[in-house]
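Below is one structure, written out as structure tokens; comments come after it.
The values are calculated or read from the model by the stated rules, or taken from the named source; none is laboratory data. In this text, all values refer to a predicted model and were calculated from it rather than measured experimentally. Note that we place each Cβ from the backbone using ideal geometry, even for glycine, and neighbour counts take in every protein chain shown. Protein only, heavy atoms only, side chains kept; ligands, DNA and RNA dropped before computing areas. Shrake-Rupley method; radii C 1.70, N 1.55, O 1.52, S 1.80 Å.
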Amino acid sequence: MKISFLGLGHMGLPMARNLAVAGHDVVGFDLSADARDAAREAGVAVAATGTDAATGAEIVFTMFQAGPQVLGAYRGTDGAPGLLDVAAPGALFVDCSTIAVDDARAAHAAASASGHRSLDAPVSGGVVGAENATLAFMVGGADDAFAAALPILDVMGARVVHCGGPGLGQAAKVCNNMILAVSQIAVAEAFVLGERLGLSHDALFDVAAHASGQCWALTTNCPVPGPVPTSPANRDFRPGFAGALMSKDLALAAKAIDRTGVDARMGMLARDIYNEFASGPGAGQDFSGVITTIRSASAQEQEQQ
Ligand code: NAD
């Protein structure tokens with residue numbers, strides 16, 4: 001069975017490599033020459049173009065940054081054939097990019113109109129999860145497409161959840177990351193407030209990690225150095241999960257909130273806070289680094305009092 005893997009960036013390359021290492025016939029492609037070179041060095045076969053990679057493929061993975069890239073590659077641009085035109089009849093398209101729910105549904109519709117099956121299957125777990133094959137997949141699409149993809153997704157991930165029909169994998173991703181953003185900000189604000197009140201980081205951590213404030217943002221991604229030695233705060237907020245990506249995911253959440261009319265004030269505020277964070281040095285920092293902007297904004301407020 002030929003598997004085509006388009007998008008060999010931070011996430012896509014280790015995912016494609018894990019498929020190849022497991023013995024699958026994988027042919028990859030990326031628009032970036034550097035990414036193609038890195039893939040060859042990692043032992044992944046690379047085609048000359050995206051459509052070459054996908055020609056005759058029975059499974060086509062995409063791992064791009066944004067929805068328009070997925071739709072453009074599926075349909076083809078400027079009259080050129082797209083991936084949907086060249087894959088084997090009845091192929092299975094699996095898009096692992098994090099994109100808007102509406103874009104994912106448009107991709108499903110395009111695949112179906114071309115006689116293919118499709119899934120949206122965004123991931124969490126980051127580059128480390130991609131390298132170690134411990135990703136969590138959130139999958140939307142028909143039951144038969146999910147059943148066909150499951151053994152392949154299992155090669156790249158530790159947890160695969162079928163969330164429902166087309167677009168619902170992206171829906172789960174956007175909801176999860178909105179929880180994460182709000183809780184990471186709440187934890188950061190609590191540490192800065194604790195500092196102002198004379199409370200040590202260790203004391204706050206020892207209480208909250210075992211009380212009702214417990215959450216992943218505190219016990220895994222703790223935004224102060226010390227209590228969780230593996231958290232990005234201990235290495236100058238090297239990501240982890242970069243502020244720019246969190247900002248991007250919250251823009252997707254905002255789009256969904258707008259369309260559904262949900263009263264999600266915390267989510268929208270988190271979107272604004274992460275936009276601000278990611279418009280400066282926070283873009284390349286782990287998103288837990290938002291504590292530094294909260295701390296400096298708090299210092300300014302105190303000076304004005
Ligand atoms: P990346 O920018 O490193 O990789 C994307 C790659 O897609 C690039 O190399 C780009 O050249 C390539 N590309 C774009 N259009 C293409 C096309 N038509 N044909 C072939 N290649 C094309 O991004 P990434 O960090 O690997 O993230 C990919 C997706 O995964 C994003 O949607 C991101 O939000 C999501 N994600 C990332 C992380 C993370 O920690 N990096 C974690 C979870 C989810």
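Per the helix-only calculation at 222 nm, which mean residue ellipticity applies to the chain, given -39500 (n - 2.57) for every DSSP H run of n ≥ 4 and division by its residues, nearest 500 deg cm²/dmol?
It lands at -16000 deg cm²/dmol.
State the antiparallel share, in %, of DSSP beta bridges confined to the chain, rounding to the nearest 5. Intermediate values should be presented prior to the final figure.
On the way: 5 of 30 bridges.
Antiparallel bridges: around 15 percent, rounded to the nearest 5.
Rg/Rh for the chain: what does it come to with C-alpha atoms and Rh from Kirkwood?
On the way: Rg = 20.8 Å, Rh = 20.4 Å.
Rounded to two decimals, Rg/Rh equals 1.02.
Per residue, how much accessible area does the range 223-270 show when a 1.4 Å probe rolls over the protein heavy atoms, in square angstrom? Can you show the working numbers first?
Working: 2560 Å² over 48 residues.
About 53 Å² of surface per residue is accessible.
What translational diffusion coefficient, in µm²/s and rounded to a whole number, does the Stokes-Einstein relation yield for the range 6-151 at 4 °C and a viscosity of 1.567 mPa s, taking the hydrodynamic radius as the Kirkwood radius over Cα pairs?
Details: Rh = 15.0 Å.
This corresponds to a translational diffusion coefficient of 86 µm²/s.
Whole-Å semi-axes of the range 120-279's equivalent ellipsoid, largest first, each the root of 5 times a Cα gyration tensor eigenvalue?
On the way: eigenvalues 188, 79, 36 Å².
Its equivalent ellipsoid spans semi-axes of 31, 20, 13 Å.
Would you give the gap between the C-alpha center of the range 1-60 and the C-alpha center of the range 79-152, rounded to a whole Å?
The two parts, judged by their Cα centres, are 15 Å apart.
What does the charge count near residue 46 come to, summing +1 for each Lys or Arg and -1 for each Asp or Glu among other residues with Cβ under 15 Å from its Cβ?
Values: positive: 2, 17, 36, 40; negative: 25, 30, 34, 37, 41, 52.
Combined, the nearby Lys, Arg, Asp and Glu give -2.
Find the Cα radius of gyration of the range 94-145, compare it with 2.2 N^0.38 Å by division, and give the number to two decimals.
Values: Rg = 12.2 Å, N = 52, 2.2 N^0.38 = 9.9 Å.
With N residues counted in the range 94-145, Rg over 2.2 N^0.38 Å equals 1.23.
So what is the relative contact order of the chain, in percent, for Cα pairs below 8 Å that sit 6 or more residues apart? Mind showing how you got there, number by number?
Numbers: 574 pairs, mean separation 37.3, N = 305.
For the chain, the relative contact order is 12 percent.
Hey, could you grab the Kirkwood Rh for the range 30-98? Inverse mean 1/r over distinct alpha carbon pairs, Å, one decimal.
Details: mean 1/r = 0.0795 Å⁻¹.
When all Cα pairs of the range 30-98 are included, the Kirkwood radius is 12.6 Å.
What percent of all Cα-Cα pairs in the range 141-232 falls in each 10 Å bin, counting up from 0?
The calculated distribution, bin by bin, is 15, 34, 22, 19, 9, 1.
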